[in-house]
Each structure stands twice: as structure tokens, then as C-alpha cells.
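A.B. asks: Got a structure for you, questions after.
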Amino acid sequence: MENYTIYKPEWAPSDAGKEFACQVMSGIDEVGHPSEPGPARFVRKQYTVDDYVEGVLRGDRMMLAKAITLIESNAPKHFALGQEILQRLLPHTGNSVRVGITGVPGAGKSTFIEALGNYLCNLGKKVAVLAVDPSSSVSKGSILGDKTRMETLSKRSDAFIRPSPSGGTLGGVNRKSRETMLLCEAAGFDTILVETVGVGQSETAVRSMVDFFLVVVLTGAGDDLQGIKKGVIETADAILVNKADGANKQKALVTRSEYEQVLHYLRPVVEGWAPKAYTCSALNGEGIAEIWDVVMTFMDIMEKRGSLQSRRQQQTLDWVWQMTEEQLRSEILNNPAVIARTAEVREEIVHNRLSATQAAQALLDTIRVEVRKS
């Protein structure tokens with residue numbers, strides 16, 4: 001027992017017996033002498049780019065999760081490493097079916113995705129779900145609501161669920177979602193399901209990163225005309241009326257008919273494909289196989305027409321311009337001269353000495369001067 005030290009927690013009574021104590025074995029210091037037990041020190045392993053790349057390619061879920069964390073990080077020290085990993089993995093991407101799923105809150109998107117994910121896994125597919133969760137107003141992190149709801153799917157070895165904080169981004173599509181999707185493809189997932197926070201006029205941002213865009217709707221939500229408004233509906237490749245079960249089944253069929261009429265008058269977003277409305281019940285599984293057959297039919301048509309590859313290339317080019325605009329905006333707004341001029345303009349506007357148009361022109365003049373300097 002000479003190698004052990006009796007340790008008692010601070011809260012243990014002074015006359016306590018051994019039942020309140022534990023034995024801690026003495027360690028060995030760097031020169032080989034016994035050392036006194038102390039607080040444990042955790043040293044995080046530093047992974048190389050090769051470690052990440054090899055881990056992702058062999059389908060190591062832990063390394064995939066770590067690589068995604070690097071990609072999502074806003075820390076400058078992680079950016080270069082994340083981009084190098086992504087660059088090495090690019091040749092192994094692009095071999096999946098990318099499906100975007102959006103819909104009004106309460107439409108049952110998460111329940112539907114779990115039902116669809118389980119169905120696909122039973123077919124032998126590997127499914128990755130990128131669930132863009134609302135961000136916590138305190139920690140700015142993901143609330144993890146979707147992963148909690150997909151309890152069955154999250155336990156499957158052939159499924160991977162990654163909640164990502166929306167961070168207040170347009171449409172709830174995280175700006176790193178595209179890169180996360182590429183990492184999942186490199187890890188061998190042949191089906192990518194991207195779920196967004198909810199539907200809205202800006203929700204169509206997800207349309208620019210997937211092959212097939214599915215809008216999930218429901219009945220009994222009040223004004224059915226809300227769902228008929230142009231915007232997200234006119235960009236849909238299919239509309240799915242969920243919760244078509246029990247007493248709600250007949251209402252779901254009526255809603256499906258209404259959407260069919262609307263789609264008849266809208267211009268198809270993809271040449272050669274006429275969007276239609278369908279019903280399903282994520283609760284009992286009815287209609288799940290049918291909607292997946294629709295997705296596969298769409299993919300076959302696009303591949304035969306040669307449209308799939310050209311669409312993805314255009315999406316990538318659009319992505320490049322979007323990131324360029326974001327970077328330019330960030331550099332401009334963080335320029336010291338622009339910051340100082342913004343404060344001056346704000347003061348003049350508050351005291352009604354400058355109109356909004358004049359204020360904008362003043363800021364543009366400052367920006368032009370700074371651009372010429374650089």
C-alpha cells in the first residue's frame with residue numbers, strides 16, 4: 001500500500017471512515033522518481049491533415065465529426081487547416097444524392113426525415129442528415145433539437161446526423177453547410193438530407209446547394225393560402241403533405257389537390273420536370289417509399305439530360321461569388337476608416353443633418369478611397 005495515497009473529498013466528515021475515501025496511486029516524474037498525486041492533466045492530441053483525410057476516407061465517424069468542427073470554426077487558426085483537408089478530399093466528393101427538405105414549423109420535417117432515413121438505411125444506403133438547428137441566443141451553438149427527435153435514426157451505424165447552428169444565416173442554411181456536405185460525401189455517405197430551420201421567403205437558399213428540393217406542408221394550419229404564395233413553392237421539385245393519417249387523411253388529400261392546381265400554373269424551376277404534390281404519413285410510413293421513388297426518377301431524368309452535372313457546377317460558381325461578396329463585406333465593414341466614417345454619418349443622421357441617400361453616398365465615397373489605397 002506504500003504506492004497509494006488515501007484521498008478524502010473536502011465534503012467528507014472529519015471522522016469519516018474509509019468508505020468516504022479513495023486510493024490514488026503515486027505517479028512517476030520525468031526522472032523516474034515517485035511523484036505526489038495531483039490533478040489530472042488532459043493533453044488534446046494534435047491531428048495532422050493526413051490524419052483527418054485518412055480518417056474521413058475510411059469512414060471514421062469521430063474523425064469526420066472533428067473535421068466538420070474544424071470547417072465550422074470561425075477561428076483563423078482552424079481556417080487554413082480546414083481548407084487543406086477539404087482540398088485533399090474534393091476528388092472523393094460528388095457521388096451522393098443531395099436532397100433539401102424545408103417546410104413550415106410543425107410540419108413534421110424531423111419525423112419525416114427519420115422515417116425516410118430509416119427506409120433508406122434498410123435499402124443498404126448510408127445516410128447523412130445535416131440538420132440546421134436554431135442557434136442558442138446565449139452560447140450561439142446548436143440547440144440539438146433535431147438530433148434529439150431522430151432518436152432511432154441516430155443510433156444506426158449507417159446514418160450520421162450533424163446538427164449545425166444556423167447562426168442567424170439567411171434561410172437558416174449555415175454558410176459551412178456546403179463544405180460539411182462535401183466531407184460527408186468523402187466519408188462514403190451516398191445520400192445527403194439537408195433540413196432547414198423553417199420556411200420563409202429567404203428559405204430558398206437551400207435550393208442552391210442540393211439536387212432535389214422538397215417542401216413539406218401540412219393541413220389544418222389556418223390559412224391554406226399562405227402555402228400557395230409564390231416564393232418557396234415555385235422553387236420546389238415536389239410538395240409533400242405530411243401527417244396524412246387518421247382523421248386528417250381526407251384533409252391531406254384535399255390539400256394535395258389544392259397544391260396540384262397551384263403547381264399547374266407555376267413555371268417549373270427545372271426544365272423537363274413537372275413538380276407534383278404527394279401525401280405521406282411519417283408516423284406510419286405510408287408514402288415514404290413513393291416520395292423516394294420520385295426523387296430517384298428526378299435524378300435519372302437529370303442525369304440522362306446531362307443537367308445534373310451542369311447544375312452542380314453552376315451551384316459551385318454561385319457559391320464562390322457568394323463567399324466573395326461576404327468576404328468583401330466583412331473587410332469593408334472592418335476597415336478603420338469606414339468604421340470612423342460610419343460613426344460620423346450616424347451622428348449626422350440622428351441630428352437630421354444628412355438624408356439617408358446622402359449618408360449612403362458619403363459611406364461609398366469613403367469605401368472607394370480605401371479600395372484605391374489597397
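The values are calculated or read from the model by the stated rules, or taken from the named source; none is laboratory data. None of the values given here were measured: they were computed from a predicted structure. Only protein heavy atoms, including side chains, enter the accessible area calculation; ligands, DNA and RNA are left aside. Shrake-Rupley method; radii C 1.70, N 1.55, O 1.52, S 1.80 Å.
A.B. asks: In the structure shown, do any of Lys66/Lys373; Lys66/Lys126; Lys66/Lys125 have a Cα-Cα gap over 30 Å, and if so which?
C.D. replies: Lys66/Lys373
A.B. asks: Right, something else. Stretch Glu370-Ala343 to full length: gain in nm at 0.36 nm per residue minus the Cα-Cα span?
C.D. replies: In short, 8.1 nm is gained.
A.B. asks: Relative contact order (percent) for the stretch 45-123, with alpha-carbon contacts under 8 angstrom and 6 or more residues of separation?
C.D. replies: Relative contact order, the stretch 45-123: 20 percent.
A.B. asks: Compute the accessible area per residue over the stretch 223-374, keeping the other protein chains in place, probe 1.4 Å, unit Å².
C.D. replies: Using a 1.4 Å probe on heavy atoms only, each residue of the stretch 223-374 averages 65 Å².
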